[in-house]
Each structure stands twice: as C-alpha cells, then as structure tokens.
Protein chains: 2
Amino acid sequence: MGRSVAEITLAHPVEAAPTAADFTLIQRDLPDTPPQGMLHVRLLWLGLDPYLGPRIRGRHMGEPRPVPGGPLPGEGVCQVLASAVEGFKPGDHVVTEAGWAEEAMVSAETVRRIDPSLGLTAHLGLLGMPGVTAWAGITQLAKVQAGDVLCINAAAGVVAGTAGQIAKAAGARVIGIAGGPDKCRLALEQYGFDACVDYRQEGWQQQLADLSKEAGGFSIHFENVGASMLQVALPLLRPYARVVLCGLAEHYGAGTPAMINAGMIMFKRATVHGLIVYDFIPRRAEWVEMARPLIASGALREANDVAVGLQAAPAQLEKVVRGQSNGRALVRVAGDAV
Amino acid sequence: MGRSVAEITLAHPVEAAPTAADFTLIQRDLPDTPPQGMLHVRLLWLGLDPYLGPRIRGRHMGEPRPVPGGPLPGEGVCQVLASAVEGFKPGDHVVTEAGWAEEAMVSAETVRRIDPSLGLTAHLGLLGMPGVTAWAGITQLAKVQAGDVLCINAAAGVVAGTAGQIAKAAGARVIGIAGGPDKCRLALEQYGFDACVDYRQEGWQQQLADLSKEAGGFSIHFENVGASMLQVALPLLRPYARVVLCGLAEHYGAGTPAMINAGMIMFKRATVHGLIVYDFIPRRAEWVEMARPLIASGALREANDVAVGLQAAPAQLEKVVRGQSNGRALVRVAGDAV
C-alpha cells in the first residue's frame with residue numbers, strides 16, 4: 001500500500017546563495033489514491049526562477065523559507081494521474097507548485113488548468129509569471145505602438161524576450177542589453193531583437209548611445225537590472241518616453257537602494273511606471289488570448305535552457321542564481337509527452 | 001520730440017543671487033510714435049519669478065544674460081498707449097516683456113492679448129506661466145479626480161496655490177507643505193487647502209505621515225522642491241499614485257542632482273511624470289476657459305505679494321530670490337485702472 005517517489009529537498013537550512021550541494025534526494029511515500037479535494041499529479045517540467053535564490057533563504061516577499069525534508073518552491077507543469085475532484089480527470093494538464101518531486105498530491109485549489117496545445121513549457125515561461133510581467137509592462141503600462149523604440153536589459157531572459165517580441169509584433173524596434181555573446185545571440189536569433197549590446201564589452205555605453213541616436217532616441221525603456229543601467233539609459237530617451245521599472249536585480253543582494261535622477265526624468269518629460277506583476281496575475285487570460293495567435297504564427301517564441309532529470313535540478317538552480325542561464329531555466333522531469 | 005521714461009536696469013554684471021544693490025534707475029528716451037509693427041505700452045504690473053535669479057546671472061535654459069543699461073526680463077501686464085499695428089488700439093491690455101520700465105515700445109509679435117475682465121494680475125499668476133504649469137500637472141498629467149488626495153509643496157506659491165485649487169474644484173483633498181506659519185496660513189485661508197504642514201517645525205515628517213495615513217495615502221504628489229521632499233513623500237503614497245515632477249528648486253543653486261529611489265516607485269506601483277511647462281504653453285487657452293467660471297465663482301483665487309512703484313522692483317526681486325515672498329510677487333507700477 002502506498003507508493004514511494006523520488007523528491008529533492010534541502011539537505012540543511014540555506015543562508016547564502018544556494019548551490020547544488022545544499023540539496024539532497026529523498027523518497028517520499030504517497031497514498032494510493034488522492035484524498036478528497038486533491039489531485040495526484042506527475043511532474044513533467046519544473047521551472048527555476050531567479051527569485052528562488054532569495055526565496056530558499058527566506059528573503060522573498062516575506063514568504064516562509066522551505067525546511068529540510070519539506071517541499072521546495074517553484075512552479076511546474078504536471079499531468080493528472082488520479083483525481084478526487086470534480087472537473088479534473090487523469091491526463092489533464094495543470095501548473096502548480098508540486099515540489100521538486102516525480103509525483104505529488106496537490107490541492108485542486110492551488111492548480112491552474114492549461115491548454116497543452118500551446119506547448120507545455122510555454123506555461124512556465126512566456127505564458128507564466130514572466131510572460132504576464134512582460135505583457136503588463138509593454139502593453140498596459142508602456143502601451144507600445146508601431147514606431148516605438150524599446151530598450152530592454154537582461155535581454156536573454158524570458159521577461160525581456162517576451163517583452164521584446166510583443167513590442168516587435170506591435171511594430172516597434174527593439175534594442176537589447178545582455179551580458180556576453182551567447183545571450184546577445186539568443187536575443188537576436190531566437191527573440192528577433194533588432195540589436196543587442198553586450199555590456200561586458202568595453203564601449204557598450206557608446207554603442208547604446210549610437211543606437212539611440214540612430215533611432216531618434218528610445219521611446220520605451222524597460223528596466224530589469226537597476227541603477228547602473230538606468231543611469232546609462234535615461235539620457236538616451238526621446239522626449240515623452242515611457243520607462244517601466246520591472247526589476248532591480250542588482251540591488252536585491254547588495255541591499256543598496258536604486259537611486260535615479262529625477263531631473264533627467266523631468267528633462268525628458270518621461271513617464272516612469274512601477275510594475276508589480278502580482279497586480280496583473282488576475283488578468284492572465286487576456287495575455288494568453290493575445291499570445292495564442294502570436295505563438296501560432298511563430299512571432300512569439302520561447303528560449304529554454306533545459307536540464308534533464310529531476311536530479312539535475314540543484315545544479316540547474318545554481319546556474320540560475322549565478323545568472324548563467326541562457327533563456328528560461330527548466331528541468332525536464334518526465335518528458336513532455338502530451 | 002521724444003519722451004523720457006524711468007527704467008530699472010543692472011548697475012553692473014551680476015554673478016551671484018541678485019540683491020537690490022545690483023540695480024539702478026535710468027531714464028530712457030522713446031520716440032513720439034511707435035515704429036511700424038510696434039506698440040507703445042505702459043507697464044501696469046510687473047511679475048517677478050524665482051527663475052529671474054539664475055536668468056539675470058545667465059544661468060537659465062541657455063538664455064543670454066541681460067546687460068547693464070539694457071532691458072531686464074520678466075513679464076508684465078501693459079496697456080497700449082499707441083499702436084502701429086492693425087488689430088491693436090489704445091486701451092488694449094496685453095502681457096509682454098517690456099523691461100522694468102514705465103513705458104516701452106514692443107513688437108506686436110511678442111505680446112499676448114488678455115481679457116481684463118478676469119483681473120489684470122491673474123494673467124501674470126494663475127493664468128500666466130505658473131497657472132499653466134499647475135493646470136498641466138494636475139489635469140493633463142496627474143488627471144485629478146474626485147477622491148484624490150494631493151500632497152504639494154512650496155504651497156504658498158502660485159503654482160501650488162493654483163494646482164491645489166484646481167484639485168479642490170475637482171473634489172480632491174489637498175495637503176500642502178510650506179515654510180513658516182505665514183505661508184501655511186496663506187495656503188489654508190486663501191487657497192483653501194485642507195491642511196498645511198510647516199517643514200520648519202520639528203516633527204513635520206510625522207505630521208505629514210499622519211495626514212497621509214488618515215487619507216489612506218496620497219494619490220497625487222506634486223513636487224516643486226527636490227529630493228529632500230521626495231524622500232519624505234514617496235513612502236506616503238498609496239498604490240498607483242501619480243507623481244508630478246514640476247520643479248527641483250533646491251537643486252538649482254547647489255548643482256547636485258535630485259536622486260530618488262526607483263525601488264520605492266516600483267513598490268508603490270507609482271507613475272512619475274516629468275513636467276516641462278513650455279510644452280503646454282500653446283494650450284493656454286484651454287486653461288483660461290477652464291479657469292473662467294472658477295474665477296467667477298470664487299473657487300480660484302490669487303494671492304499676491306505686492307510692492308508699489310517701479311523703484312520697489314529690485315528689493316522685491318531680492319525677496320523672491322530669498323524665498324521670502326508670500327504668494328505671487330508683483331510690482332504695481334501704474335495702478336490697475338482698467
């Protein structure tokens with residue numbers, strides 16, 4: 001009676017940026033059938049986001065830190081194996097936090113049904129929280145239009161990749177900023193950006209200034225990094241530009257505030273929007289409907305950095321935390337057979 | 001032949017904040033009749049703005065500095081004495097830069113016709129550039145609505161006074177910040193603000209925080225001063241607040257940039273607008289039409305700090321530059337007989 005499944009958990013409490021050595025593989029017993037209100041699911045794909053670094057140390061939005069032996073956070077695409085909930089049946093696909101485990105029992109209230117015809121991994125990236133972030137910033141705050149010129153950093157990431165492709169589809173020109181030739185290549189070749197500046201190369205500020213000048217100034221700047229990037233980008237805006245403050249990653253570890261020049265905002269007649277994605281999560285369906293034809297036409301593509309097998313998850317997270325992933329970091333736990 | 005009129009000019013080039021001793025009274029000869037395209041005008045009211053401090057030192061928007069013996073900058077309300085221009089006749093009222101002189105010859109292309117029934121001084125303050133600034137910030141950028149709570153500093157000034165009254169007329173609650181009891185009294189009694197915090201009193205930040213709390217957070221912050229005020233006000237915003245960056249007066253002399261916290265903008269989901277009034281000057285007529293019934297009903301009132309006689313102008317400017325004026329600084333040169 002019961003069933004034993006493999007699961008990854010913390011080997012010990014984590015105080016610094018997590019490394020692969022902080023995790024361990026255990027076996028967990030599951031009941032034969034799901035209790036009332038629960039689903040027995042199999043994890044197909046696990047998504048690993050940068051926020052999991054601070055989250056695992058208990059430093060993310062006041063959420064409790066995971067404990068050794070307990071389930072780890074992170075959304076995954078799952079398939080229902082057995083259901084004790086009306087409306088769900090074996091074979092259905094859902095996104096939920098099921099731990100880093102081959103199989104789990106999850107409450108039906110915590111799951112989000114997905115349309116597998118859009119691609120399974122899309123629901124973790126471009127239709128997941130990163131995609132909602134990109135959609136909200138580009139269409140709801142910056143209100144992209146044909147003729148806009150978008151400057152966006154952390155360009156190889158799924159937020160920027162999705163944001164840039166939404167802007168391209170609207171008729172905008174897109175200039176990315178990323179660290180290293182591989183990330184720039186991804187932005188250009190997979191996401192179709194018009195240009196990408198490598199901030200690890202000397203003279204990148206001048207390159208960016210030249211691209212701005214050529215375009216008559218950036219009309220939208222989308223910030224994912226922090227003050228070091230803002231101080232370069234703000235002077236390159238055209239009058240009445242829109243700025244989206246989406247992420248301040250370089251300040252999260254350091255704890256130093258991201259100070260920006262109010263005089264430059266005035267001088268540019270810019271409008272600066274602060275974006276918190278949680279406000280837009282209830283509107284995910286709007287984004288999914290907008291994305292559907294873009295995915296079908298190939299105008300909206302994902303770029304995934306895939307590790308294979310549950311046991312590869314710790315090393316994959318370490319890579320994410322170090323900013324070394326190229327595209328959306330995923331773990332393929334049980335294939336993507338639909 | 002000709003006519004000699006009194007005029008104030010610089011006694012010598014000015015390098016620091018101007019004082020009364022930097023000016024001198026001269027006599028200037030005018031022709032009997034205006035040359036073609038010109039108007040002979042009499043100065044009734046001269047407006048003295050804070051920007052004249054840097055302007056007279058050649059430190060304002062790249063404009064040339066005035067020279068000793070030459071005309072001084074500053075808008076005035078004038079009455080036409082003689083016209084060599086079709087469409088203008090003696091008795092007409094105009095606003096123009098006619099120097100700090102009893103009378104002058106001015107090109108008709110530089111003048112703006114005004115409706116004297118709205119009151120002469122209104123055209124220098126609440127219908128002049130300060131008023132257009134207030135209108136643009138409150139109605140075009142912050143888009144004030146009933147239920148809004150406006151926090152605004154330099155509250156005794158004509159920009160803030162007009163902005164606050166526009167907001168009140170739209171159904172908003174208005175909290176001012178000003179330096180000293182006289183300025184706070186002006187904001188409360190003349191402009192009808194709901195509250196005014198004196199930033200020269202100890203504990204003013206807590207007073208402001210209490211007012212914010214009571215109001216459920218400020219929904220609009222209108223900044224006329226700079227970073228020292230922004231760092232107090234931004235944390236007191238409610239989610240989705242709008243911030244108008246209108247003036248950064250405390251940074252003009254010091255030359256230090258006004259740095260503000262981007263993380264706080266994000267956290268508040270705020271929208272920050274940079275305002276440059278020159279963009280809105282072509283739309284002045286919209287504001288005049290909106291203001292007309294407000295003036296008639298008494299909902300929009302001016303507060304003037306009046307010095308009498310052309311010779312009082314230098315001391316009046318010194319007061320403006322020191323931030324000691326209470327309301328709009330004017331010089332009554334030739335009465336306000338219409």
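The values are calculated or read from the model by the stated rules, or taken from the named source; none is laboratory data. Quantities reported herein were computed from a predicted structural model and do not represent experimental measurements. Positions of Cβ are backbone-derived with ideal geometry, glycine not excepted, and every protein chain shown enters the neighbour counts. All accessible areas refer to the heavy atoms of the entire protein, side chains included, with ligands and DNA or RNA removed. Shrake-Rupley method; radii C 1.70, N 1.55, O 1.52, S 1.80 Å.
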B:Ala104 being outside any helix (DSSP H, G or I) and either modelled with pLDDT of 95 or more or touching a Cys at 6+ places or on another chain (Cβ under 8 Å) (or both): yes
A:Pro13, sole failed condition from (1) farther than 15 Å from A:Ala313 by Cα; (2) open to solvent by 50 Å² or more (accessible area, probe 1.4 Å); (3) in a strand (DSSP E or B); (4) of a type outside the set (Gly, Ala, Ser): (3)
Qualifying residue in segment B:171-178 (condition: farther than 21 Å from B:Tyr278 by Cβ, of a type in the set (D, E, K, R), modelled with pLDDT of 95 or more and assigned to a strand (DSSP E or B)): yes
Extreme residue, farthest from the other protein chains (Cβ to nearest Cβ), among residues of segment A:213-242 that are free of Cβ contacts under 8 Å to residues at least 60 places away in the same chain and open to solvent by less than 30 Å² (accessible area, probe 1.4 Å): A:Val232
Residue list for segment A:174-222, filter: over 22 Å from the mean Cα position of the chain (by Cα) and among the charged types (D, E, K, R): A:Arg200, A:Glu202, A:Asp210, A:Lys213, A:Glu214
Set B:Pro64, B:Pro34, B:Pro68: member being open to solvent by 40 Å² or more (accessible area, probe 1.4 Å), modelled with pLDDT of 95 or more and part of a loop (DSSP other than H, G, I, E, B): B:Pro68
Which numbered condition B:Val306 fails, given (1) outside any helix (DSSP H, G or I); (2) closer than 16 Å to B:Pro50 by Cα; (3) open to solvent by less than 30 Å² (accessible area, probe 1.4 Å): (3)
Residue count, segment B:268-299 (criterion: open to solvent by 50 Å² or more (accessible area, probe 1.4 Å) and facing chain A (nearest Cβ under 7 Å)): 1
Count - residues of segment B:243-262 that are in a strand (DSSP E or B) and surrounded by 23 or more Cβ atoms within 10 Å (Cβ to Cβ): 4
Test: residue in segment A:183-201 that is open to solvent by 30 Å² or more (accessible area, probe 1.4 Å), at pLDDT 95 or above, in contact with a Cys (Cβ under 7 Å, 6 or more places away or on another chain) and away from every other protein chain (no Cβ under 14 Å): yes
Qualifying residues in segment B:261-305 (those that are in contact with a strand residue (DSSP E or B) (Cβ under 7 Å, 6 or more places away or on another chain) and small (Gly, Ala, Ser)) - the one farthest from B:Gly327 (Cα to Cα): B:Ala262
Residue in segment A:267-285 that is nearest to A:His123 (Cα to Cα), counting only those that are in contact (Cβ under 8 Å) with a residue 24 or more places away in the chain and assigned to a helix (DSSP H, G or I): A:Arg284
Filter pass, B:Gly253 being more than 12 Å from chain A (Cβ to nearest Cβ) and either at positive phi or at pLDDT below 95 (or both): yes
Qualifying positions in segment A:274-297 - within 21 Å of A:Gly157 (Cβ to Cβ), at pLDDT 95 or above and of a type outside the set (A, V, I, L, M, F, W, C): A:Gly274, A:Arg284
Residue count, segment B:256-266 (criterion: at the interface with chain A (Cβ under 7 Å from one of its Cβ atoms) and over 27 Å from the mean Cα position of the chain (by Cα)): 5
Number of the exception - B:Val321 against (1) at negative phi; (2) open to solvent by 30 Å² or more (accessible area, probe 1.4 Å); (3) out of contact with any helix residue (DSSP H, G or I) (no Cβ under 6 Å at 6 or more places or on another chain): (3)
